[in-house]
Amino acid sequence: AQSVTQLGSHVSVSEGALVLLRCNYSSSVPPYLFWYVQYPNQGLQLLLKYTSAATLVKGINGFEAEFKKSETSFHLTKPSAHMSDAAEYFCAVRVYSGAGSYQLTFGKGTKLSVIP
Amino acid sequence: EPEVTQTPSHQVTQMGQEVILRCVPISNHLYFYWYRQILGQKVEFLVSFYNNEISEKSEIFDDQFSVERPDGSNFTLKIRSTKLEDSAMYFCASSGGGTVYNEQFFGPGTRLTVL
């Protein structure tokens, strides 16, 4: 079964500091991986996705993630945190559901706090 | 920009009551999903729906749950007899189909509280 594990339920960084949110996956087939962000009282918004093309994936708001097969990781980074990055971040892997549809299996989420 | 909408944003109900959560997916999308997130836990897949039938459901989606697309725009999740453990945030999602990765677009969620 395919799954993802997010290390750290809560991460705090200072404004301007590096953001690193960790995600490791387990998959018997080449995975499609995603990072979603959830701002307070809002839905899940796609930040970026890995679909077996380039291993370094750039997303919105300055975030990027690198797919490392040897480490089964897909960590999310941003060089310089902004106050507006404070949100909850979810890593997810796509699992085929049949009839052309895919379900997403999510990690538990990491809440990012940015300290002024 | 098109978006998935959900109503109500918050639903409070008594245990044993029926609830219907409503979603309006993006208009040209073909695949529809429900997920839920119990407070403090991960987002979990409930069901996927395509061509007016369920294509996949998780073990959470038992006989108390049903989904329907009653018209061309709405997609609903019904819980027949709510339990305390059904309290959660329920997310609707839709995707277009016809692409390799079928990006899912999520609604803002409905918070269901069962008393």
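Only one entry of B:Ser66, B:Ser73 meets the criterion of being out of contact with any Lys or Arg (no Cβ under 7 Å at 6 or more places or on another chain) and of a type in the set (Gly, Ala, Ser), and that entry is B:Ser73.
Is it the case that A:Phe74 is without any contact (Cβ under 8 Å) to a residue 40 or more places away in the chain, assigned to a strand (DSSP E or B), under 12 Å from the mean Cα position of the chain (by Cα) and crowded, with 21+ Cβ neighbours inside 10 Å? No. Considering the conditions (1) touching a residue at least 24 places away in the same chain (Cβ under 8 Å); (2) buried (at least 22 other Cβ atoms within 10 Å of the Cβ), A:Asp85 is excluded by exactly one of them, (2).
Restricting attention to the range B:35-54 and to residues that are in contact (Cβ under 8 Å) with a residue 12 or more places away in the chain, farther than 23 Å from A:Gly107 by Cα and part of a strand (DSSP E or B), the residue that is nearest to the other protein chains (Cβ to nearest Cβ) turns out to be B:Tyr50.
The residues of the range B:10-34 that are buried (at least 21 other Cβ atoms within 10 Å of the Cβ) and free of Cβ contacts under 8 Å to residues at least 60 places away in the same chain amount to a single one, B:Trp34.
State all residues of the range A:94-116 that are hydroxyl-bearing (Ser, Thr, Tyr) and within 14 Å of chain B (Cβ to nearest Cβ); if no residue qualifies, say none. Residues satisfying the conditions are A:Tyr96, A:Ser97, A:Ser101, A:Tyr102, A:Thr105, A:Thr110.
The lone criterion from (1) within 14 Å of chain B (Cβ to nearest Cβ); (2) modelled with pLDDT of 90 or more left unmet by A:Pro31 is number (2).
Residues being under 20 Å from A:Pro79 (Cβ atoms) and over 14 Å from the mean Cα position of the chain (by Cα) are represented in the range A:18-40 by at least one member.
Results for (1) part of a strand (DSSP E or B); (2) under 23 Å from A:Ala1 (Cα atoms); (3) touching a residue at least 40 places away in the same chain (Cβ under 8 Å), shown as yes or no for each residue.
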| residue | (1), (2), (3) |
| --- | --- |
| A:Ala17 | no, no, yes |
| A:Arg22 | yes, yes, yes |
| A:Tyr25 | yes, yes, yes |
| A:Pro30 | no, yes, no |
| A:Tyr36 | yes, yes, yes |
| A:Gln42 | no, no, no |
| A:Ala54 | no, no, no |
| A:Val57 | yes, no, no |
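Table: residues versus (1) within 10 Å of chain B (Cβ to nearest Cβ); (2) modelled with pLDDT of 90 or more; (3) in contact with a Gly (Cβ under 9 Å, 6 or more places away or on another chain).
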{"site": "A:Trp35", "(1), (2), (3)": "no, yes, yes"}
{"site": "A:Lys58", "(1), (2), (3)": "no, yes, no"}
{"site": "A:Gly62", "(1), (2), (3)": "no, yes, no"}
{"site": "A:Thr72", "(1), (2), (3)": "no, yes, no"}
{"site": "A:Ala87", "(1), (2), (3)": "no, yes, no"}
{"site": "A:Ala92", "(1), (2), (3)": "yes, yes, yes"}
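From the list B:Arg80, B:Arg111, the one residue that fits, being in contact (Cβ under 8 Å) with a residue 40 or more places away in the chain, within 11 Å of another protein chain (Cβ to nearest Cβ) and not hydrophobic (A, V, I, L, M, F, W, C), is B:Arg111. Taking the range B:83-108 as the range and being within 7 Å of chain A (Cβ to nearest Cβ), surrounded by 21 or more Cβ atoms within 10 Å (Cβ to Cβ) and modelled with pLDDT under 95 as the test, the residues that pass are B:Gln104, B:Phe106, B:Gly107.
Residue count for the range B:55-64 under the criterion of being surrounded by fewer than 16 Cβ atoms within 10 Å (Cβ to Cβ) and part of a strand (DSSP E or B): the result is 0.
In the range B:12-26 there is at least one residue that is among the acidic types (Asp, Glu) and either more than 13 Å from the chain's Cα centre (by Cα) or in a loop (DSSP other than H, G, I, E, B) (or both). Regarding A:Val114, is this residue surrounded by fewer than 20 Cβ atoms within 10 Å (Cβ to Cβ) and in contact (Cβ under 8 Å) with a residue 24 or more places away in the chain? When the stated conditions are applied, A:Val114 passes them.
The values are calculated or read from the model by the stated rules, or taken from the named source; none is laboratory data. In this text, all values refer to a predicted model and were calculated from it rather than measured experimentally. Cβ atoms come from the backbone with ideal geometry, glycine included; neighbour counts cover every protein chain shown.
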